[in-house]
Structures are given as structure tokens and as C-alpha cells.
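Let me begin by presenting the structure, written as C-alpha cells, before commenting on it.
The values are calculated or read from the model by the stated rules, or taken from the named source; none is laboratory data. In this text the structure is predicted, and so the values were computed from the model without any measurement. All Cβ positions, even for glycine, are placed from backbone atoms using ideal geometry, and neighbour counts span all protein chains on display.
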């Protein structure tokens with residue numbers, strides 16, 4: 001990124017990209033998230049035309065570095081899991097493995113909240129020829145309503161088998177045609193089918209405006225906004241989503257029409273995710289049919305396929321879990337994987353998952369209870385996959401011998417609404433955010449101030465920092481010229497902070513430098529960039545100020561992994577600043593690997609400081625901006641060579657994000673469960689002894705706090 005800064009804006013329909021190019025403003029800061037309104041976009045473009053600044057091509061020596069690193073990490077996790085699975089030789093081994101995956105899944109998803117009264121009520125009934133649709137609202141948590149359509153067959157002898165249906169990323173949730181279809185199809189065959197709206201979809205927008213529209217964006221956008229924020233207080237959005245499904249099953253089992261020994265779960269895409277997770281966390285199911293989701297984590301990583309916050313269980317990869325293991329948790333009960341030949345969820349992974357399960361079920365003596373169906377078409381719960389589900393459930397329950405889908409009648413959305421105007425917001429309920437805010441405040445009150453050795457240990461533990469045993473090796477890259485930096489010459493070093501990862505370090509100098517850093521400078525300034533050292537060396541006035549103020553100090557800049565010269569060009573074209581792009585992609589996988597992305601970046605800074613010390617720099621003035629200020633703060637706290645700290649646009653606190661409904665900081669800057677242990681003001685107080693200087697701190701909206 002540079003004066004030809006590219007800003008991307010992500011929208012809920014994934015179609016609006018590359019909104020700003022060739023701007024001559026300091027667009028690096030304007031575009032912190034690429035969220036410019038049309039008027040701002042016009043103003044930026046006009047200003048660029050007036051300045052007539054010649055653009056410089058961006059520097060990006062290591063555009064694939066981060067991706068290949070994560071591919072290798074996920075491959076290693078898969079190999080560890082495969083080694084465990086390959087060691088199974090007898091039925092007792094298989095039974096022990098099933099017990100083990102159940103326990104590991106609970107580690108990812110638990111602990112669960114207390115089951116509170118459902119407070120269910122029927123708000124209306126739609127009468128049809130062979131079934132009724134009851135409009136139901138229950139509370140999965142106190143004050144958090146779930147909107148439900150319950151399809152109850154007519155003229156049947158009760159109790160009947162029951163099915164909980166989970167929705168994919170449809171804006172209208174349970175009213176989407178594919179999801180109405182499978183619920184209605186099941187009801188016509190003799191099942192009591194319950195289908196509920198996911199959080200952020202259908203009638204359950206968490207950020208509804210006065211017109212009952214989502215001001216964040218339905219589905220993915222709401223999931224990310226609520227879910228990313230939750231990690232600060234140690235919550236997992238996937239657990240919240242799964243809890244809705246568990247309570248939906250609780251409600252279904254209150255109905256006298258339902259046989260508690262014959263209940264199943266099915267769903268497609270995001271609903272396929274929830275079906276998979278629910279299969280792993282709930283043992284009351286007698287059958288399961290996840291559609292268009294089950295593959296392997298490795299295939300998703302290699303194929304650069306981002307997934308929602310709820311689709312990335314914390315520590316799952318570190319614990320050796322894969323998609324197949326969530327289905328193995330129900331073994332040896334009947335499970336069918338519904339895949340698609342032309343799906344973006346790689347069908348090769350679906351086949352790999354099935355092969356693992358087939359072997360497990362064979363050891364358990366129930367090989368007939370696991371099946372794979374691959375439909376010929378694209379992603380979606382289309383008729384051929386719905387019919388495969390019907391046949392499978394019918395095989396288990398014997399309720400019907402139907403092989404094909406009956407004739408359906410698709411209802412209008414309004415017909416299926418449980419609320420008067422199609423949104424629970426008019427009922428003034430609690431929202432997911434309100435729970436996050438409440439928990440953040442409770443944690444702050446309980447935690448109190450943290451300092452000294454306790455703070456350093458807390459920071460090290462939360463960041464999951466590895467030990468540094470030796471000074472990093474490095475590459476000397478060709479000198480940079482013509483970049484218009486505030487020095488005549490620039491040397492460039494790639495400091496290897498761990499195998500496959502390099503922090504990119506520039507050394508500014510008035511004399512030509514093509515070799516290792518020169519000795520003779522006891523003091524050094526290390527500037528950790530916000531998004532790109534290359535851009536900031538030209539645009540950030542603080543840098544020139546520092547060089548003039550400390551003429552006898554050596555001056556270095558640092559791009560940590562995923563920033564500047566190693567900013568990934570993956571997950572689509574120029575997606576870095578989008579809220580579903582590559583920066584998010586690697587952040588979410590870092591959580592599954594139990595290696596927070598910010599911890600990895602802090603490790604990079606610490607390694608670079610060690611490297612500087614090896615060249616005689618005994619005193620480090622650590623300077624950083626924006627995102628870089630987070631890693632710099634932690635590194636300054638933990639490294640005694642840092643004697644002075646200057647932070648510009650540093651985040652005021654994690655509490656400010658957790659307690660703000662409209663925050664703008666990305667997942668890569670957040671730490672799991674941090675507010676249980678410390679907050680940034682604790683670190684800033686500790687750094688006062690290192691002459692901490694704060695310049696224009698940023699609040700939760702990434703602006704002056």
C-alpha cells in the first residue's frame with residue numbers, strides 16, 4: 001500500500017470491492033477498514049486529482065509467506081489427528097476415540113450456560129392440508145428470543161419422529177425456499193419439523209434499525225461483528241449458535257407429538273456447520289444429516305476459503321479435531337454427509353471425512369450407519385440432497401418409505417413471521433452485544449488493576465508467546481532506492497522469526513548500506529508500522545520528527561507478519577481490509593491453532609529487538625502506530641532493552657471495544673479472553689517507567705479516543 005492505496009469495502013452480498021484506488025491522500029488512515037461513504041470517496045478522489053502525486057508501486061516481497069505458513073500449520077495439525085486415527089485397531093480403541101473427541105469438543109465449546117426457562121409461546125398457527133405451521137418464540141437465554149416455525153403433521157398417530165432444522169446464510173432465515181422445503185417435506189412424510197432463525201438472520205437481527213433492517217448487514221456481517229467482539233470476554237459465537245440449537249431440541253422434546261427416541265438434526269451451508277457442531281456437542285440425536293459443509297480444515301485453508309467466526313472453534317486444530325470428529329462424537333448412530341460435486345466446500349475433503357468415519361464405524365461394528373451422498377450440482381440444499389436426507393431419515397425411523405420429495409407449497413415470508421413486523425427488535429429483547437457488554441463490565445470489576453510480574457505473566461500467557469532461544473538469522477535484500485524516504489539510503493533485511501516467517505526491517509542511513517547493520521550505535525529507534533512501513537516512511541510526520549530529535553540513534557522500521565511487505569494477496573483480490581478477507585482468515589485460524597495472531601506479531605517484534613541487540617543496540621526506543629502499537633506495547637512491556645516508548649493511535653482499551661456496539665478494530669488486533677486477565681491501561685501504566693508517550697489514542701471506532 002502507498003499513495004496508490006487500495007481500499008476495499010466488503011458488503012453482505014460480496015459484490016462491492018475495490019472502491020478506492022489511486023488516491024493521493026493519506027488514505028492509509030482514512031481507509032482503516034475501507035468503509036468510506038460515497039461522499040467521502042468522492043472527496044478523496046478529488047483531492048488525489050488536485051495533488052497530482054506520482055504513485056509508487058507497492059513493495060511486497062513476501063505476499064505468500066503468511067498463507068504458506070498457515071497451510072503448514074494446518075497440515076501438521078491434520079497429520080497429528082490422522083496419526084491418532086490410524087492407531088485405532090480394535091472396537092475398544094474406537095470407543096475410546098469417540099469418548100476423546102467428545103471431551104475435546106467440549107473443551108472448544110464449553111462451558112455451557114445454565115438451562116433457564118424457555119418461556120415459549122405460540123404467536124399464531126398457519127393451517128395447511130396435511131400439517132400446521134405453529135409460530136413459536138422461546139428464549140434460549142434470559143431475554144434472548146428465538147423465532148421458530150414448527151411443522152406438525154395432521155391426521156397422524158402421535159408421537160412422531162422429530163427433526164431440528166438449522167438454516168444457512170439466508171437473509172430471511174427459516175423462510176428461505178430451500179429451508180421451508182425440507183421442513184415442509186419432512187412434515188408431509190410424518191415428521192414434526194422445527195426450524196429456527198439463526199442469530200443475525202430472519203427475524204433475529206441483532207443490529208436492527210428503525211425500519212427493521214440490519215444496519216451491520218444480515219448473516220455473515222452480523223456474525224462477524226458479534227462473534228469477533230465476544231472473544232475478548234472468552235466467549236465463542238459458535239457456542240451461542242449451538243446453544244440455540246440445543247434449546248430448540250429442548251423445546252421440541254416438550255411437545256407430546258414428538259418421540260424423544262427419534263430426533264434428528266439437519267441443515268445446509270452455515271446450517272450444515274451448525275448441524276455438524278450440534279452432532280458433536282449433543283448426544284440426544286438419533287440421526288444427523290449435515291449438508292454442504294463437511295470437508296477438512298486443511299482443504300479450506302489450502303483453498304483460501306474464509307469461514308464465519310462460529311465456524312472456527314477455538315483450539316480445535318490444536319486439539320487435533322477436524323470436521324469428521326464432530327460427527328464421530330455421535331458414533332455409532334446414523335450419520336449421512338451430504339456434499340456437492342460443484343461446491344466450494346471441497347468435495348475431496350468430504351470424501352476424506354467419510355473415509356475416516358467409515359473406518360471408525362467399521363471398528364464399532366456399525367459400518368451401515370455412515371453414508372456419503374454427493375449431489376451433482378452447486379452449493380445449496382437442492383432437491384437431490386433433500387431427498388437423500390429424507391431417505392436416510394426414513395431408513396432410520398421407518399416412518400415413511402418415500403424416496404422422492406412430495407409436492408410443496410412455498411409460503412411468503414410474512415406468512416411465517418412469529419413477530420408482528422418480522423423482527424424481534426420490536427419486542428425490545430436483549431441482544432448478543434448486551435451480554436458481551438455486561439460480561440466485560442463484570443470482568444473489569446472483578447479483575448482490578450494488574451501490574452509487575454503478574455502482568456508480564458498474564459500478557460505472555462494470553463499471547464501464547466513461545467520461548468526465544470537464539471538470535472534470528474536474516475536475509476539481506478537489495479537496497480531500496482527512489483522510495484522518497486527521509487534518508488538517502490535504505491537497507492532491507494528479512495529477519496526470520498520462526499521457520500517460514502520473516503519480519504521485514506528497513507535501516508535508514510545517509511551512507512550507502514548493502515551489508516549487515518553497522519556497529520557503533522548504542523541507541524536505536526524501532527518503528528513498528530500500522531499497515532506498511534513503506535507508506536508510513538513517506539506519509540507519517542512522526543517518523544521525520546523522531547529522526548530529527550535523535551540524530552545519533554540508528555533508525556529502523558519493522559513490518560511484522562501479514563503487514564506491509566508480507567501483506568497477503570489471498571482469499572480473493574485485495575481483500576486485506578475487508579471484514580471477511582485474508583487478515584480475518586488467518587486471525588480466525590490462529591484461534592483454532594491456539595496461537596493468537598497478535599501474539600505471533602508480538603513475537604516478531606521481540607525477535608527483531610533481540611536481533612538489534614546483537615548488533616550493539618543496547619537501548620531501544622520503540623515507536624509504533626495503530627495496529628502496530630498493540631504488538632509494540634506488549635514487546636516493550638516484556639523486553640528490558642526497551643527504554644522508551646512512543647505510541648500513536650494506540651487502542652485505548654479492550655474494554656472500550658467490548659462495551660461498544662459499533663467498534664471497528666479487526667479480529668487480528670483482538671485477544672481471546674484478554675479481559676479475564678488484563679487490559680491495555682494496565683500495560684500503559686507499567687510503561688510509564690519507560691517514558692511512555694501517547695499521541696492521539698484511538699477508541700473503539702479506530703479514531704481519537
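The requirement of being in contact with a helix residue (DSSP H, G or I) (Cβ under 7 Å, 6 or more places away or on another chain), farther than 25 Å from residue 445 by Cα, surrounded by 24 or more Cβ atoms within 10 Å (Cβ to Cβ) and not assigned by TED's automatic domain parsing to the domain that holds residue 317 is fulfilled nowhere in the range 655-666; no residue meets it.
Flag set for residue 428, criterion: within 23 Å of residue 243 (Cα to Cα) and free of Cβ contacts under 8 Å to residues at least 40 places away in the same chain. Condition test on residue 616, is it surrounded by fewer than 24 Cβ atoms within 10 Å (Cβ to Cβ), touching a helix residue (DSSP H, G or I) at 6+ places or on another chain (Cβ under 6 Å) and either outside the structural domain of residue 305 (by TED's automatic domain parsing) or in contact (Cβ under 8 Å) with a residue 60 or more places away in the chain (or both)? No.
Taking into account only those residues within the range 635-650 that are in contact with a strand residue (DSSP E or B) (Cβ under 6 Å, 6 or more places away or on another chain) and under 18 Å from residue 560 (Cβ atoms), which is surrounded by the fewest Cβ atoms within 10 Å (Cβ to Cβ)? Looking at the filtered set, the residue picked out is 641. When each of 196, 207 is tested for being farther than 27 Å from residue 386 by Cβ and either crowded, with 21+ Cβ neighbours inside 10 Å or without any contact (Cβ under 8 Å) to a residue 24 or more places away in the chain (or both), the lone residue that passes is 207. Looking at the range 453-558, the strands (runs of 3 or more DSSP E) lying wholly inside it that each contain 2 or more residues that are touching a helix residue (DSSP H, G or I) at 6+ places or on another chain (Cβ under 7 Å) and either outside the structural domain of residue 684 (by TED's automatic domain parsing) or closer than 30 Å to residue 702 by Cα (or both) sit at 489-498, 501-509, 523-528. Could you say whether any residue in the range 284-299 is in a loop (DSSP other than H, G, I, E, B) and free of Cβ contacts under 8 Å to residues at least 40 places away in the same chain? Yes: the range 284-299 contains one or more residues that are in a loop (DSSP other than H, G, I, E, B) and free of Cβ contacts under 8 Å to residues at least 40 places away in the same chain.
Only one entry of 604, 594, 583 meets the criterion of being crowded, with 24+ Cβ neighbours inside 10 Å, modelled with pLDDT of 95 or more and over 18 Å from residue 635 (Cβ atoms), and that entry is 583.
Inspection of the range 327-338 identifies at least one residue that is at pLDDT 95 or above, closer than 30 Å to residue 672 by Cβ, in a helix (DSSP H, G or I) and in the same structural domain as residue 94 (by TED's automatic domain parsing). Of the strands (runs of 3 or more DSSP E) lying entirely inside the range 115-233, not one carries at least 2 residues that are modelled with pLDDT under 95 and farther than 25 Å from residue 434 by Cβ. For the range 400-432, the tally of residues that are touching a strand residue (DSSP E or B) at 6+ places or on another chain (Cβ under 7 Å) and over 25 Å from residue 211 (Cβ atoms) stands at 0.
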